[in-house]
1. Counting C-alpha atoms alone, how compact is the chain: give Rg to one decimal and Dmax as a whole number, in angstrom.
2. Full extension from residue 77 to residue 108: what is 0.36 nm times the residue separation minus their Cα-Cα distance, to one decimal in nm?
3. Report the local net charge at residue 64: Lys and Arg +1, Asp and Glu -1, summed over other residues whose C-beta lies under 14 Å from its C-beta.
4. Can you tell me the 0 to 90 degree angle between the C-alpha axis of helix 22-41 and the longest principal axis of the chain, rounded to 10?
5. So how strong a dipole does segment 1-80 carry about its Cα centre when Lys and Arg Cβ are +1 and Asp and Glu Cβ are -1, to the nearest 20 debye?
6. Based only on Cα atoms, what mean projected area does the convex hull of segment 50-113 have, in nm²?
7. Express in nm, to one decimal, how much length is gained between residue 48 and residue 10 on full extension, taking 0.36 nm for each residue of separation and deducting their alpha carbon distance.
8. In Å², and per residue, what accessible area does segment 13-113 have when probed at 1.4 Å with the other protein chains present?
Amino acid sequence: MVLGLLLPAEARALPPPGIVNRNSVWLGLIGWTAALLQNGINRRPAFRSGVHRQLLFLSVGWFVGYHVTKLVNYKTAKMDKEMMDYMQHHPGDFPEVERKTFAEILENFHPIR
């Protein structure tokens with residue numbers, strides 16, 4: 001797990017992302033497209049030749065996308081944790097927001113005669 005080395009040990013406490021996620025799908029498609037482009041550049045039939053390479057590129061892209069998702073999830077969880085800690089230690093910095101209805105915001109309507 002080469003990309004797992006980028007994550008600290010505390011990232012293992014997070015739930016794993018789904019196998020099918022946005023980054024995996026996009027990077028898998030990019031890998032498959034790279035194999036098709038390589039076939040086209042080498043003047044081979046794009047879809048029929050090198051199917052094993054197409055599957056390899058697709059699976060490598062999927063793997064990288066999965067671990068990129070894990071990294072993104074860790075970074076956002078870390079940022080959320082730091083923000084919650086700050087908000088708990090500095091309660092006076094965040095005053096309560098006054099709630100208004102939409103009717104209170106709008107001005108009264110007076111048609112022109």
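The values are calculated or read from the model by the stated rules, or taken from the named source; none is laboratory data. Note that this is a predicted model, so its numbers are computed, not measured. Cβ sites come from the backbone with ideal geometry, for glycine too, and all protein chains shown count toward neighbours. Just the protein is used for accessible areas: all its heavy atoms, side chains included, with ligands, DNA and RNA removed. Shrake-Rupley method; radii C 1.70, N 1.55, O 1.52, S 1.80 Å.
1. Values for the chain (Cα only, Rg and Dmax): 25.2, 77 Å.
2. The span from residue 77 to residue 108 would gain 6.7 nm if fully extended.
3. Once all neighbours under 14 Å are counted, the net charge is +2.
4. Long axis of 22-41 versus the principal axis of the chain: about 40 degrees.
5. For this selection, approximately 320 debye.
6. That works out to 11.4 nm².
7. 9.2 nm
8. 85 Å²
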